[in-house]
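Take a look at the structure below.
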Amino acid sequence: MSGILLEGVSKSFGHHVVLEGLDLEVPDGSVTAVLGESGSGKTTLLRMVAGLERPDAGTIRIGGHLVDGPHCFVAPERRRIGLVPQEGALFPHLTVARNIAFGLRRREDRRSRVAELLELVGMTGMGERYPHQLSGGQQQRVALARALAPEPAVVLLDEPFSALDAGLRASLRADVVRVLRRARVTALLVTHDQEEALSTADLVGVVQHGRIRQLAAPDRLYAAPADPAVARFLGEANLLAGQAAGGRATTALGEVALEQACSGLTGAVTVLLRPEQLEVVPLAPAGAPGRVLECEYYGHDSVLVVEVPGLAEPVRVRAGGRPRAAAGEEVALAAAGPALAWPATEPRPA
Amino acid sequence: MSVALEARREPGPVTRLASRSRRGSLLAPGAAVLVVAGLLVPVAFLFLEATQAGWSEVWSLVDRPIILGLAWNTVRLALAVTVIAAVLGTGAAWLTERTDLPFRRVLATALVLPLAVPDFVTAWTWSSIFPGVHGYAGAVLVMSLGLYPLVYLPVAAALRSADPSLEDVARALGLSRLRTFVQVTLRQVRSTVLGGSLLVCLALLAEYGAFEDLRFQTFTTAIFTELQVGFATADAAGSALVLVGLSAVVLVAEAAFRERGRLDRGGSVPLPPLRRHHLGRALPCALAFLLGLAGLALAFPLGVVAYWLAAGGSSTLPATVSVAGAAGYSALYSALGALGATVLALPVAFVAVRRPARWTAALERSAFVLQALPGLVVALALVFFTERYLPWLYESPELLVVAYSMIFFPLALVAVRASVARVPKRLEEVARSLGAGPLRARVRVTLPLVAPGLAAAFCLVFLSGVTELTATLLLVPNNVETLATQFWAFTTNVSYGAAAPYAATMILLSAVPGFLLSRVFDRRTARGAGS
C-alpha cells in the first residue's frame, strides 16, 4: 500500500500552469524527496497533499483513502498529516511543550507523550522554553516533534533546512531522518537542494515542467537519469554529441563504450559523461587534446574546466589528488565508459 | 497500516464542495463588507441630503463670501502648521534616535506626552495666561506645539528600524555628512514624515475647540456657529461638504507623494547596530532645542492647569456633573466606543491582510475615507440621519458611542491591521494540520497573537475618545456632561478655576492608556531585538 498517491494532479494560478498531470507514489514508510527548482510547483504539491490548496484536477490519496478528488475533499484537520514548514513556524505564544501538545487530544497522556517526543528529538528539559529562546536548529526539531506528536499517517516537510547555515544543516538533516525512521512514518520532503535530497531520501522524484520526470533511489537517479535534463539537473554532467554503433559511441573525446541498456542505439546520440568519468592522460597518442580554462580547487579534489576543439561547451573533469593545473595548460582527456546515451532527437537542454 | 481517515464521499460538483470547504472563512469577508457599508451609510446620507435640493442649491451654499475667507484661513493655517510640525518632529526624532544626546529616554517620553493634552486644553492654557495669543499667529503656535508628536512618533520609529549601513555606503561613495543626511537618512523616512504630516493636516481640519478659544475662524468653527447660533443646517451641510473636500484633497495628495517602492529590508535579516552621531559642540544647542520644545509643549500647559487648580475659584455657573461623574461618563462612552471600533476593525483587517485582492484593497481604502471626515462631519451626519429615520436614538448615549466607533474606526484599523499582518498565515495552516478546524485554529493561534494589537487599538481609541470635544458637544445626551464638555462649559464662561479639575482629570485619564501603550510597544521591540 502506498503512503501517498497522487494521480493526474494539475494546478494553475491564473494563467500560470504550475503542475500538469502530475503522478507520484510515495511508498508507505519511506522518506521520499521531491526535488525541483524554486517555482517548479513542489511547495504547491505539498500544500495540496496537506489540504491547504485544492488541485484543479486529479486525485490525492493518503494511506489508500481518497482525500481529494472530483467529489471528495477532506479538510486539512482531518487528514492526519504532520506539517513541518520552512523556518518551523512554531506558535510564538506557546512554550515548546505546549507547541508539541497542540495536536494532542486527550489530556491525560499529554505529559508523557511530550516528554517522549522531546527525548526523540534530543531536547529533553527544554519544554518550558519559548520559541524565541531557541536556535534555528532547535526550532526545527520542535517543529518536527510537534508534527509527529499526534502520530500522523504522513509527515510533510517543506524545505525544512533551508533557513539554517551549512554546518548545522548537515547534522540536523541526519538527526531528522533518524527520527523519521524511528517513528516509522511516511515522509514527503520537498527541496531545491540536490545534496539534501540525495543524502536523506530513500526515493527522489525530480519535478520539472509540472511533472515528475523520474522517481528513483538516489544512486539510481545519479547513475541512470531518465533523460539529459534530469542528468544535468542532478549533479554535474557533460553532454556530448556522438555517433553510436555496435555498443560504442564516437565523440569529440574519442570512443566510449555504452551502457548495456543503450548498447542497441545507432546513429546520432547524446552521450552523458560525468566529470569523474573523464580523466587527464599523458599527451597523445591516446587522449583528445584540450586546454585548461579554469581549475576549481576543492581540497579533496579539483575540477578542471577544459576547452576541447570541436565542442561548443567546455567539459568538466574531476581530477582527484592531482596538483593544481594552471589555466592555459595543454592536457589530453580520455573517457572511461561505460556511458549512458540517448537518441539525439531528444531535445537538448539549453 | 490502518489509518482512520474519514473520507467523505459526497455527490455533487467540485465547485460546490470547494466553496463548502471555505464556508468558515466566508464569515470575515461578509462581516467586513457589512462593517464598511454600515460606516459609510450616514456619510453617504449627508451627501444625498445636501445634494437633494439640486446642485445649484449646493453651489449657492458653497459659493458664499464667508467660504472664501474660511478657505484662506484654513489653508494658510494648515500649510504653516504642517511644515513647522514636520520640521520639529523630524528634527527631534533624529536627535533622540541617532545622536549621542544625554537623557535620550526621558526626553523621548517628554516629547510624546503632549499628545495626552487635548489641543483645546493647550489653547486654553495659552489664552488664559497670555490674552495676546490669539488669531492666526496664536493658532500656528498652539497647534504646532500640540501636533508635532504626530510626526515625531512615527519618524522616531522609522529611524530606529532604518538600515544605517546605507549611510555608511553613502559616505564611502564620497557624499558629505550633510548630503548623506539629506539624500539617505531623510529619504529613508520621507514617506513616514509625509504620513505624519497627513495626520497633522487632518487633525487641523477637524479641530474646533482650540480655534474657538483662540478666536480664529476655520470651517469647523464656522459650521458650529451656523448650527448653534443660526440653526442653519443647510449652511452647515454646505460648509461640511467643503471641509470634506479639503480633507479628501489632503488624502489624495499624500497618496500621490507616497513612496512606491519600500525601503525596508527582508524581514529576518538582523539590522546592524545603530551608531550614534557625535554631537560635540552642537550639544548645548540640541539640548536647548529639545528642552525648549518639551517645555513649551508639555510643561507649560501642565503648569497652567496646576496654576488654575491651585487658584481655584467659584463659578457662577453650576456644574451639571461632578468631576468624578464626568470622568465616569467619559470613561464609559470612550471605552464602549473603543470596544466598538476595535471589534469592527477586526474583520476588515483580516480580510485586507489575508485576502489580498482588488476588492479587499478597495474595501480597506473606502474604510480609510472615513479618516478624511472630521469628527464634526460624522456627528452632523449622525444627527441628520437619526433625526430623519431614528428619532428615538437622537441624543442617546448609544448614538455617542456609535459616533466614537465611527470617528476612530480608521485609527483602530491601523493598529489592528498591523498586528494581524505580523501573524504569518502559516501558523494557522500548521494548526489545521494538527487537527484544529478553521475557527479553532484562528481562536487558539491567531487571536492570542493579535491580542496586543487589539489592546493597543482599544487604548488609542479610548485616549482619543476621552479628549474628543467637537462631536461630543453635538451628541452628548441631555443632562450628561463628559469631562471635555463640562470643561468647555466652564472655560466659555471664563470660570478657569472651576474648569481646571476637569482638564487635569482628562489628561490623567488619557495618559494612563498612553502609558500602557508605550509599555506594550517597548516590550515588543525589546522582544524583537532579543530573538
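Can you compute the FRET efficiency between B:N493 and B:L79 using 1/(1 + (r/R0)^6), with r the Cβ-Cβ distance and R0 = 35 Å? Round to the nearest 0.05.
Details: r = 34 Å, r/R0 = 0.97.
Efficiency for this residue pair is about 0.55.
Computed from point charges on the beta carbon alone (+1 for Lys and Arg, -1 for Asp and Glu), the dipole magnitude for the protein assembly as shown about its Cα centre is near 1340 Debye.
What the Cβ-Cβ distance of B:R365 and B:L48 gives, at R0 = 22 Å and to the nearest 0.05, is a FRET efficiency of 0.55. Placing pseudo-labels 7 Å out from each Cα toward the beta carbon at B:L447 and B:R422 gives an inter-label distance of 2.0 nm. Using the Cβ of B:G375 as centre and a radius below 14 Å, the other residues enclosed give a net charge of -3, where K and R count +1 and D and E count -1. Counting other Cβ atoms within 10 Å as a rough exposure proxy, the listed residues A:L134, B:L508 run B:L508, A:L134 from fewest neighbours to most. The slack in the chain from A:E313 to A:E236, taken as 0.36 nm per residue of separation less the alpha-carbon distance, amounts to 26.4 nm.
In this simple spin-label model, placing a label point 7 Å from the Cα along the Cα-to-Cβ direction at both A:S199 and B:S56 gives a separation of 8.6 nm.
The shape of the range B:23-166 comes out oblate: with a ≥ b ≥ c from the C-alpha gyration tensor, a/c is at least 1.5 while a/b does not beat b/c.
Using the membrane-span-like helix rule (whole DSSP H runs, Cα extent along the own axis of at least 30 Å, mean Kyte-Doolittle hydropathy at least -1.0), which helices of chain B qualify?
Values: long enough: B:27-52 (36 Å, 1.87); B:65-98 (49 Å, 1.24); B:233-257 (36 Å, 1.73); B:323-354 (45 Å, 1.51); B:496-530 (49 Å, 0.52).
Answer set is B:27-52, B:65-98, B:233-257, B:323-354, B:496-530.
Rounded, prolate or oblate: pick one for chain B, where a ≥ b ≥ c are the square roots of the eigenvalues of its C-alpha gyration tensor, a/c under 1.5 means rounded, and failing that, prolate if a/b is larger than b/c, else oblate. Taking the square roots of the gyration eigenvalues as a ≥ b ≥ c, chain B is oblate.
On the beta carbon distance between B:Q228 and A:D23, with R0 = 51 Å, the FRET formula returns roughly 0.10.
Distant-in-sequence amide contacts of B:L279, defined by a placed amide H-H separation under 5 Å and a gap of 5 or more residues or a different chain, comprise B:D100.
Starting from the Kirkwood Rh over alpha-carbon pairs, what translational D in µm² s⁻¹ does the protein assembly as shown have by Stokes-Einstein at 10 °C and 1.306 mPa s? Please list the in-between numbers first.
Details: Rh = 32.6 Å.
Once the numbers are plugged in, D ends up at 49 µm²/s.
I need the shape label for chain A. Rule: rounded when a/c is under 1.5, else prolate if a/b > b/c, else oblate, with a, b, c from the alpha carbon gyration tensor.
Details: a/c = 2.96, a/b = 1.80, b/c = 1.64.
Prolate.
Just to confirm my numbers, what's the Cα centroid distance between the range A:300-344 and the range A:129-191 in Å? For the range A:300-344 versus the range A:129-191, the Cα centre distance is 39 Å.
Multiply the residue gap between A:Q260 and A:S135 by 0.36 nm, knock off their C-alpha separation, and tell me the result in nm, one decimal place. Walk me through the numbers on the way to the answer.
Numbers: separation 125, 0.36 × 125 = 45.00 nm, distance 5.05 nm.
Taking 0.36 nm per residue and subtracting the Cα distance, the gain is 40.0 nm.
Amide H to amide H distances under 5 Å link A:R213 with A:V206, A:V207, A:Q208, where only residues 5 or more positions off or on other chains count and H is placed in the peptide plane. Helix A:166-182 and the long axis of chain A differ in direction by around 60°, with both axes built from C-alpha atoms.
Ranking A:H71, B:H278, A:H192, A:H15 by Cβ neighbours within 10 Å, fewest first, what do you get?
Working: A:H71 14, B:H278 9, A:H192 17, A:H15 5.
Going from least to most buried by this count: A:H15, B:H278, A:H71, A:H192.
Measuring how big the range A:18-78 is from its alpha-carbon positions, Rg and Dmax come out at 11.7, 32 Å. For chain A, the longest principal axis of the C-alpha atoms and the axis of helix A:110-120 are separated by about 20°. Shown for B:S165, B:S495, B:S510: other C-beta atoms within 10 Å of each C-beta, ranked fewest to most, produce the order B:S165, B:S495, B:S510. For the protein assembly as shown, the share of DSSP beta bridges that are antiparallel, to the nearest 5, is 75%. Spin-label model, B:V169/A:R181: points 7 Å from Cα along the beta carbon direction are separated by 4.6 nm. Be a star and scan the range B:102-119 for residues whose amide nitrogen sits under 12 Å from the point 7 Å along the Cα-to-Cβ vector of B:L291. The answer is B:102-103. Residues whose amide H lies under 5 Å from that of A:A339, counting only those 5 or more places away or on a different chain, are A:A257, A:L258, A:E259; hydrogens are built 1.01 Å from N in the peptide plane.
Could you calculate the contour length gain from B:R276 to B:N478, that is, 0.36 nm times the residue separation minus the distance between their Cα atoms, to one decimal place in nm? All intermediate terms of the calculation are to be shown ahead of the outcome.
Values: separation 202, 0.36 × 202 = 72.72 nm, distance 5.60 nm.
Here the answer is 67.1 nm.
Of A:P218, A:P70, A:P314, the residue with the greatest mean-square motion in the GNM of chain A, using alpha carbon springs below 10 Å, is A:P70.
Read-outs: derived from the displayed coordinates by stated rules, not from any lab. Treat the numbers as computed from the prediction; the structure is a model and nothing was measured. Positions of Cβ are backbone-derived with ideal geometry, glycine not excepted, and every protein chain shown enters the neighbour counts.
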